[in-house]
1. Pairs K83/K117; K7/K61; K59/K117: which exceed 31 Å Cα-Cα?
2. Output ³J(HN,Hα) for the range 103-114: one whole-Hz value per residue in order, computed from phi by the Karplus curve 6.51 cos²θ - 1.76 cosθ + 1.60 with θ = phi - 60°, and x for Gly and Pro.
3. Modelling each spin label as a point 7 Å along the Cα-to-Cβ direction, I'd like the I13/K61 distance in nm, to one decimal.
4. With the Cα gyration tensor of the range 64-107 giving a ≥ b ≥ c as the square roots of its eigenvalues, does the rule (a/c under 1.5 for rounded; else a/b larger than b/c for prolate; else oblate) give rounded, prolate or oblate?
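Just so it is clear, none of the values below were taken in a lab; they were calculated from the coordinates. Keep in mind that this is a model prediction, so the values were computed, not measured. Positions of Cβ are backbone-derived with ideal geometry, glycine not excepted, and every protein chain shown enters the neighbour counts.
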Amino acid sequence: MDLTPRKSAKIQILLQEGYSGKDIVEKVNVSASSVSRIPKKICGSKELTAVKKGRCGRKRKTTGRDDSFLVRECKKNRKKTSKQLWTMMSERGVNVSARTVRRRLLTAVMHACRPLKKQKSHEADES
């Protein structure tokens, strides 16, 4: 659990005043491991602030340029399917699935178009 700068400063002051770890845990309402971590950071002259390291999870297959290409092609013809856009992407050398194409379009707020009217059935034309 990351501590706020205020809590970590309070723990540091209480440690300097000579309070035990258990007393600090009860006063500040944090875990014992958080209290024990602060003197280690101070001795190692590390900063007490939490630093997040990059993005978590799997790397993206598409770049920002690929995403903008998808949006541009979708705006040219709003009736293109994700499969058609997927083939265009594979022609460009980007190996992604049709589901990834749909996901990228949803993040760009390009929702799927639905027809307003139901298509005519072929049975009605034959009779």
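1. On the way: K83/K117 23 Å; K7/K61 40 Å; K59/K117 41 Å.
Result: K7/K61; K59/K117 exceed 31 Å.
2. For the range 103-114, the Karplus curve yields 5, 5, 6, 5, 5, 8, 6, 10, 6, 5, 8, 10 Hz.
3. It works out to 5.4 nm between the two label points.
4. Details: a/c = 1.27, a/b = 1.21, b/c = 1.05.
Rounded, since a/c falls under 1.5.
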